[in-house]
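Enquirer: The structure is given below, and queries will be raised subsequently.
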Amino acid sequence: MKSKEKKQKVIVERGNINQLLMQQSKTNGITLIALVVTLVVLLILAGITISTVFSENGLIQKVQQAKDAQLIAMYQDRIEIVCLNWSLDKAMNDTIGIDNLWERMKDAGIILDIERSKIFFKYR
């Protein structure tokens with residue numbers, strides 16, 4: 001037998017159960033210090049995570065910037081496609097004018113109608 005088991009056997013044989021419980025609690029429990037250290041580490045990690053997500057150059061700001069860049073690229077592609085189709089049609093038919101390009105832009109959802117566009121750019 002190991003010496004620890006011998007001590008426990010002797011304590012039990014003598015009838016001192018309280019001493020056995022005290023000895024077991026010293027070796028098998030989580031100490032208050034370990035609990036406090038764990039909480040401090042978790043608080044530090046939470047602070048780092050919150051600052052990474054919500055700071056000025058954080059994750060949410062970068063997602064918004066990526067969304068804006070994607071929207072701009074989408075409109076650029078639409079404009080290029082409409083202009084390319086218009087220029088091809090104009091090369092084949094000289095009667096097609098700038099008004100036709102304007103109508104194609106409206107049909108593609110790139111611009112609003114003429115009157116509303118004037119108001120939009122006036123107050124922007």
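Enquirer: Note down the nm distance, to one decimal, between modelled labels 7 Å out along Cα→Cβ at Leu84 and at Thr49.
Expert: The two pseudo-label positions are separated by 4.6 nm.
Enquirer: Whole-Hz Karplus ³J(HN,Hα) for the range 76-88, in order, using 6.51 cos²θ - 1.76 cosθ + 1.60 and θ = phi - 60°, x for Gly and Pro?
Expert: Result, rounded to whole Hz: 4, 4, 4, 4, 4, 5, 5, 5, 5, 4, 5, 5, 5.
Enquirer: Grab the other residues whose beta carbon is less than 12 angstrom from that of Ala108, score K and R as +1, D and E as -1, and report the net.
Expert: Values: positive: Arg78, Arg104, Lys106; negative: Asp77, Glu80, Glu103, Asp107.
Taking every other residue near Ala108 into account, the sum is -1.
None of the figures in this text is laboratory data; all of them are computed from the coordinates on show. As the structure is a computational prediction, the values presented were derived from the model and not from experiment. Reconstructed Cβ throughout: ideal geometry from the backbone, glycine too, with neighbour counts over all protein chains shown.
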